[in-house]
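The values are calculated or read from the model by the stated rules, or taken from the named source; none is laboratory data. Worth saying up front: this structure is predicted, and the values here are computed from it rather than measured. Note that we place each Cβ from the backbone using ideal geometry, even for glycine, and neighbour counts take in every protein chain shown.
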Amino acid sequence: MMEVSTIQIKNRDDSLKLAGLIAAQGRLSAGHPMLPVLSAKQSAVEAGIAGEERVAQALRKTSFSFDNHIFHDLSPSSDDRFQMDTNCLTPWYGVVLEVKNISGVLEFKENPPQLISTKEDGHQYGYESPVVQLQRNCEFFTEWLWNHNIQLPIYGAVVLAYPKQIVKTAPTHTKLLFPNLVPPYIKSISQQGKKLDPHTFHWLSAELLKSHQRFIPRPISEAYTIPLGDFQTGVRCMACDRIGMIKLPRTWLCPFCKTTDPLAHQRNLLEWFLVYKRTITNRECREFLHVDDIYTANRILKSMNFPSKGTYRDRVYLMSFSEESLMTIFKGSNQSSKIRRHFRK
Ligand SMILES: [Zn+2]
C-alpha cells in the first residue's frame, strides 16, 4: 500500500497571548505586585503550547496510507469559542482533538460536567469539562461543514498531553488519548461510507485554512486591571531586550548595544496593542515610542495601514495586523525557542 506522510497544512500561530504576557512583564518595574501573576500565567500558556506541540510531533512522525490534512490551532469563525487545538481531515471523516495539560489526579464528572484535579498537596481544582469543549467544537465543525454543503462524520477525542496526568475517573462516552495514541486512533476509524473526491477534499482544506481567524487577546492592562502608567514606555530593542531605542531617519538605534532596526516601531506598536489598549492616538504614539514630532508619529501610524476613525485632530487608530506583518514581527523573536526549552523540562 502507498504510504503518504501527514500533511500539516497549518502550524500553530505564534501566540499573541504569550507575546503580550512577556511584553507586559518587560515593561513593569521590578517588584510590581502583578509580576508573579503574569509569570504564572505565562508558564501555563507555555505548557499548553508545549502540550499541543507534543501532539503535532506524534503526527509528524507518522505515515498514513490515506490522504489526511492536519491543522493546528484553527479558529474557523469569528466565534471565539470555536478554536480547535488539532484537527485532522480525511476524505471519509474529520477528527477534532482537545489537548489538555492539567496536572494531578483527574476526575471527569458528568453531572454537572466538570473536570476536577487533585494536586499532590491534596488541593482540588475544578475546570470546565474538556468533554463539553470537545462536543462544542465538534458541533461547530459539523455546522461549518454544513454551511459548505459537506456532510462528513466528525469524531473527537480529549488528549492528555503529559503522562504525569493520572486519570481516576474517565469520561463515559469520550475517548481519552495520550499523544502517541493519536495516530493509531485516527487510523482505526472506519473508512466506509461516502468519500470526498480528491478535488473536493483539497478545496475543503483550502476553505478551512482561508476561514481561519487569529485569536486576539484582551490587552494585559485591561485583562489584569493594571494602570497604564505602571508600564514603562519606549521602544524595546529586540537584540538586547532593553527599552530606549532612538528614532533616526529611516531606522531605530539602540544606545546600549548599537543595533539598528528599521522595523522596531512595528513590533513595539504590536506590544502597545497587546499590553495597553486596542486603539492608539497620535499623542499616545509619541509618548509610547518617545517621538517628539507629531508628523513623524503620523507617518509611522499611516505606514502601518491601521483602520482609523475620527478627524485629523482626534483620530484614533485601531489594531490590525495582517498575517504577513505578524510573521515579519515574530521572525527572529525567540518565542518558539523559549517554548522548546519549556518542553524539555
Ligand atoms: Zn539593544
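In table form, for the structure just shown:
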read-out: Search result, residues across the range 27-36 that are surrounded by 14 or more Cβ atoms within 10 Å (Cβ to Cβ) and in contact (Cβ under 8 Å) with a residue 12 or more places away in the chain; value: 27, 28, 32, 34
read-out: Boolean, residue 169 is touching an Asp or Glu at 6+ places or on another chain (Cβ under 9 Å) and not aromatic (Phe, Trp, Tyr); value: yes
read-out: Scan of the range 254-276 for residues that are in contact (Cβ under 8 Å) with a residue 40 or more places away in the chain and either within 16 Å of the ligand (Cβ to nearest atom) or within 14 Å of residue 306 (Cβ to Cβ) (or both), ordered by number; value: 263, 266, 267, 270, 271, 273
read-out: Positions within the range 89-116 being within 30 Å of residue 8 (Cα to Cα) and among the aromatic types (Phe, Trp, Tyr), in sequence order; value: 92, 93
read-out: Test: residue in the range 44-53 that is under 20 Å from residue 154 (Cβ atoms) and of a type outside the set (Phe, Trp, Tyr); value: yes
read-out: Tally, over the range 176-196, of residues that are under 21 Å from residue 104 (Cβ atoms) and either in contact with a Lys or Arg (Cβ under 6 Å, 6 or more places away or on another chain) or of a type in the set (D, E, K, R) (or both); value: 1
read-out: Selection count, the range 229-248, where residues are in a loop (DSSP other than H, G, I, E, B), within 14 Å of the ligand (Cβ to nearest atom) and more than 21 Å from residue 305 (Cβ to Cβ); value: 9
read-out: Unique residue being more than 16 Å from residue 27 (Cβ to Cβ), of a type outside the set (A, V, I, L, M, F, W, C) and within 16 Å of the ligand (Cβ to nearest atom) when the list is 251, 279, 311; value: 251
read-out: Single residue of 33, 76 found to be at pLDDT 95 or above, outside the structural domain of residue 238 (by TED's automatic domain parsing), part of a loop (DSSP other than H, G, I, E, B) and over 22 Å from residue 125 (Cβ atoms); value: 33
read-out: Residue ID - surrounded by the fewest Cβ atoms within 10 Å (Cβ to Cβ), chosen from residues in the range 186-201 that are in contact with a Leu (Cβ under 9 Å, 6 or more places away or on another chain) and part of a helix (DSSP H, G or I); value: 201
